[in-house]
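Student: Take a look at this one; I'll ask things after.
The values are calculated or read from the model by the stated rules, or taken from the named source; none is laboratory data. This is a predicted model, so every value here is computed, not measured. With ideal geometry, Cβ positions are generated from the backbone for all residues, glycine too; neighbour counts draw on all protein chains shown.
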Amino acid sequence: MLSVSNVSKTLGGKTLYSGVNFQINPGEKVGLVGPNGAGKSTFFRMITGEDRPSSGEISISDKLRVAYFSQNVGEMHGKSALQEVLEGDIKVSELQAKISEYEAQMTNYEALSEDEMNALMVKMGDAQTEFEKRGGYDLESRAEEILTGLGIGPVDHSKLTQDFSGGWKMRIALAKVLVMKPDLILMDEPTNYLDMETILWLENWLQVFEGAVFMTTHDRTFMNNVAKKLVEVSHGSVSVYSGNFDFYEKEKEVRLNQIKAQFSRQQAMLKKEEEFIEKFKARASHAAQVQSRVKKLEKIERVELPQEEQSINFEFSTPDRGSDDVVIINELSKSWKKSDGSELKIFENLSVTVKRLEKIAVVGVNGAGKSTLLKIIANQTDPSNGECRLGASTSLGYFSQFSFDVLSPQNTVFEEVRSVLVNASDGFLRNLLAAFLFRGDDVEKKVKFLSGGEKSRLILACLLAKNHNFLVLDEPTNHLDIKSREVLLEVLKKFEGTIMIVSHDRHFLEGLANKVYEVDRGEIRIFPGNYEEYLSSKESC
């Protein structure tokens with residue numbers, strides 16, 4: 001179906017990987033994983049055809065219907081959401097036009113000879129067969145179902161695409177891919193900008209999808225539940241694992257231990273041989289044996305230990321203890337004025353007290369008001385009614401979806417963290433940055449050249465080092481890859497303070513939250529258990 005044969009890739013004189021071989025078979029769900037900088041994105045671009053290998057071949061059968069979802073959705077203008085999706089499959093549109101043309105010609109049957117009529121009927125039959133195969137006859141109902149599943153309800157199907165925000169346009173672009181009924185879907189970060197409800201819908205859709213999938217995603221649980229085969233790009237090699245993400249992690253550890261054992265045995269053998277050569281190289285009586293062993297060592301393929309992935313090893317100070325009542329909320333309400341003068345109610349009459357050491361997940365569909373609640377608590381916006389105040393000795397640290405604005409583009413990474421933590425020693429700052437995966441020359445990179453994930457890590461490092469005892473985090477996992485999310489999760493699990501967090505990463509929330517606030521249809525419901533218990537209660541409703 002898709003075949004990767006002896007592929008190598010060199011960039012800037014550096015070989016990213018060589019001799020790569022694997023294939024994606026019909027119906028397989030395959031995930032692409034690996035640390036940042038290993039060449040994962042380059043590999044995905046080669047699969048999609050946006051880049052080419054330095055040697056070797058990546059081949060996809062011409063007969064396959066291939067669909068590609070990327071973060072670059074392109075221009076959308078002048079069509080309704082439904083029309084944009086319906087016209088996404090160019091081949092179906094072409095077939096529909098041909099069928100209409102053939103039908104028009106057949107109405108003028110008197111002007112056609114018998115042979116011409118027969119030839120026309122054959123062409124029309126072929127077009128109709130292909131149209132049916134591609135799902136043309138139920139295209140509109142399928143498009144409506146997929147748009148609704150992705151959170152764009154029937155009332156918005158006729159809404160013009162230019163009236164949707166960037167995140168919602170991303171959903172329309174995703175719907176255009178899913179509606180095609182392709183044999184193979186190539187997906188680059190499909191869960192970005194999706195809320196939990198939509199992620200679950202997409203996950204279920206892909207699980208029953210009969211075609212093949214090749215995807216990248218930073219959502220560990222999504223990858224684990226969809227992909228049944230993993231391709232890992234890591235430090236000069238590409239390896240294939242025949243299982244989901246949990247299997248991959250366990251099998252990777254097994255393979256690493258095997259390599260370490262092989263390396264240890266080989267090093268012991270090499271040392272023994274080299275000691276023999278050194279001891280007897282000057283003796284003529286042992287010349288033949290020495291030369292034999294020298295040639296033997298020259299021919300041996302050396303076992304190399306894979307580069308160890310970076311992990312966190314930084315201990316944050318225990319924050320000062322605040323009061324037991326961290327946030328006191330009484331009769332809190334929030335509404336926004338709409339353009340037509342009416343009011344949009346976000347929530348009302350919320351009364352709750354956030355207690356010390358609670359780790360609260362704030363969940364709900366996009367637009368429900370999760371960020372608004374966090375902004376009120378962080379004093380970034382005013383409530384419409386009611387009271388929200390912090391408890392005594394509470395020090396609040398706030399990370400928002402727009403925190404990138406606080407960074408100075410011309411600063412280096414080290415200068416930026418120095419500007420925030422002015423009294424810290426250089427050693428402390430370097431250890432802090434290393435804990436958040438800025439090591440070696442990374443600390444000298446200018447902020448303006450950092451990726452979104454690197455900027456997030458830099459801001460979070462500064463925030464967590466300030467010793468706040470209450471953290472309000474709005475989508476801190478956005479832009480972070482799986483490894484960076486694990487680093488952040490471990491830090492927050494050890495944090496001896498209170499946390500309120502918005503995130504769409506189930507694995508992250510399951511590992512952290514001990515209480516859930518659900519923002520839904522103008523009200524906030526409080527679930528006293530952890531995130532896993534919250535999901536179970538939702539499923540049983």
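Student: Within the stretch 328-348, count every residue that is at pLDDT 90 or above and at positive phi.
Tutor: Of the residues in that region, 1 qualify.
Student: Checking residue 219 against (1) under 30 Å from residue 10 (Cβ atoms); (2) touching an Asp or Glu at 6+ places or on another chain (Cβ under 9 Å), which test does it fail?
Tutor: (1)
Student: Let me ask something else. Counting only residues that are of a type in the set (Gly, Ala, Ser) and modelled with pLDDT of 90 or more, how many does the stretch 159-188 have?
Tutor: So the count comes out to 2.
Student: While we're looking at this one, here's another question. Filter the stretch 98-125 down to residues that are aromatic (Phe, Trp, Tyr) and under 24 Å from residue 136 (Cβ atoms), then give me how many there are. Talk me through it step by step, then tell me what you get.
Tutor: Of the stretch 98-125, the ones aromatic (Phe, Trp, Tyr) are 102, 109.
Those still in the list that are under 24 Å from residue 136 (Cβ atoms) too: 102.
Of the residues in the stretch 98-125, 1 are aromatic (Phe, Trp, Tyr) and under 24 Å from residue 136 (Cβ atoms).
Student: Among the candidates 350, 357, 407, 373, which residue alone is touching a helix residue (DSSP H, G or I) at 6+ places or on another chain (Cβ under 6 Å) and among the aliphatic types (A, V, I, L, M)?
Tutor: Every option except 407 fails the conditions.
Student: In addition: As an exercise: evaluate residue 126 against (1) farther than 19 Å from residue 91 by Cβ; (2) without any contact (Cβ under 8 Å) to a residue 24 or more places away in the chain and give the number of the one condition it does not meet.
Tutor: (1)
Student: Give me the pairs, please: first residue somewhere in the stretch 240-269 and hydroxyl-bearing (Ser, Thr, Tyr), second residue anywhere and part of a helix (DSSP H, G or I), beta-carbon distance under 8 Å, and either six or more positions apart or on two chains.
Tutor: Within 8 Å, the pairs are 241/247; 241/248; 241/251; 241/252.
Student: If you don't mind, there's one more thing I want to ask. Here's a check for you: in the stretch 313-348, which residue that is part of a strand (DSSP E or B) and within 27 Å of residue 532 (Cα to Cα) is nearest to the chain's Cα centre (by Cα)?
Tutor: 346
Student: Of these, 300, 329, which one is β-branched (Val, Ile, Thr), more than 30 Å from residue 434 (Cβ to Cβ) and loosely packed, with under 14 Cβ neighbours inside 10 Å?
Tutor: Checking each option against the conditions leaves just 300.
Student: Right, next: What residue, among those in the stretch 193-205 that are in a helix (DSSP H, G or I) and aliphatic (A, V, I, L, M), is surrounded by the most Cβ atoms within 10 Å (Cβ to Cβ)?
Tutor: So the residue we want is 202.
Student: For the stretch 504-541: of the residues being touching a strand residue (DSSP E or B) at 6+ places or on another chain (Cβ under 7 Å) and assigned to a loop (DSSP other than H, G, I, E, B), which is surrounded by the most Cβ atoms within 10 Å (Cβ to Cβ)?
Tutor: Looking at the filtered set, the residue picked out is 513.
Student: Could I ask something else about it? Checking the structure you have, find out if any residue of the stretch 331-340 is within 20 Å of residue 496 (Cβ to Cβ) and aliphatic (A, V, I, L, M).
Tutor: No: the stretch 331-340 contains no residue that is within 20 Å of residue 496 (Cβ to Cβ) and aliphatic (A, V, I, L, M).
Student: Would you please list the contacts, defined by Cβ atoms under 6 Å and residues six or more apart or on different chains, that run from a residue in the stretch 207-230 that is farther than 19 Å from residue 36 by Cβ to a residue that is surrounded by fewer than 20 Cβ atoms within 10 Å (Cβ to Cβ) and among the small types (Gly, Ala, Ser)?
Tutor: Partner pairs satisfying both residue conditions: 212/27; 229/242.
Student: Which of the numbered conditions does residue 232 fail, given that it passes all the others? Conditions: (1) crowded, with 21+ Cβ neighbours inside 10 Å; (2) within 22 Å of residue 16 (Cβ to Cβ); (3) in contact with a Ser or Thr (Cβ under 6 Å, 6 or more places away or on another chain).
Tutor: Residue 232 satisfies every listed condition except (1).
Student: While we're looking at this one, here's another question. Counting only residues that are within 26 Å of residue 503 (Cβ to Cβ), out of contact with any strand residue (DSSP E or B) (no Cβ under 9 Å at 6 or more places or on another chain) and not in a loop (DSSP other than H, G, I, E, B), how many does the stretch 206-220 have?
Tutor: Number satisfying all stated conditions: 1.
Student: If we only count helices (runs of 4 or more DSSP H) wholly inside the stretch 363-480, which ones have 2 or more residues that are without any contact (Cβ under 8 Å) to a residue 24 or more places away in the chain and surrounded by fewer than 18 Cβ atoms within 10 Å (Cβ to Cβ)?
Tutor: Output list reads 413-420, 426-435.
Student: Let me ask you something else. Output the residue which, of all residues in the stretch 129-162 that are in contact (Cβ under 8 Å) with a residue 60 or more places away in the chain and in a helix (DSSP H, G or I), is surrounded by the fewest Cβ atoms within 10 Å (Cβ to Cβ).
Tutor: That would be 162.
Student: Continuing with this model, one more query. May I ask you to say which residue of 306, 319 is in contact with a strand residue (DSSP E or B) (Cβ under 9 Å, 6 or more places away or on another chain), within 30 Å of residue 232 (Cα to Cα) and not β-branched (Val, Ile, Thr)?
Tutor: Being in contact with a strand residue (DSSP E or B) (Cβ under 9 Å, 6 or more places away or on another chain), within 30 Å of residue 232 (Cα to Cα) and not β-branched (Val, Ile, Thr) holds for just one of 306, 319, which is 306.
Student: What residue, among those in the stretch 489-501 that are under 22 Å from the mean Cα position of the chain (by Cα) and over 14 Å from residue 513 (Cβ atoms), is surrounded by the fewest Cβ atoms within 10 Å (Cβ to Cβ)?
Tutor: 490
Student: Would you call residue 526 under 17 Å from residue 356 (Cα atoms), of a type in the set (Val, Ile, Thr) and at pLDDT below 95?
Tutor: For residue 526, the condition - under 17 Å from residue 356 (Cα atoms), of a type in the set (Val, Ile, Thr) and at pLDDT below 95 - is met.
Student: Is the stretch 296-305 home to any residue that is in a strand (DSSP E or B) and over 35 Å from the mean Cα position of the chain (by Cα)?
Tutor: no
Student: Could you pull out every one of the helices (runs of 4 or more DSSP H) wholly within the stretch 4-123 that has 1 or more residues that are over 30 Å from residue 147 (Cβ atoms), without any contact (Cβ under 8 Å) to a residue 60 or more places away in the chain and not assigned by TED's automatic domain parsing to the domain that holds residue 439?
Tutor: In the stretch 4-123, the matching helices (runs of 4 or more DSSP H) lie at 40-48, 90-106.
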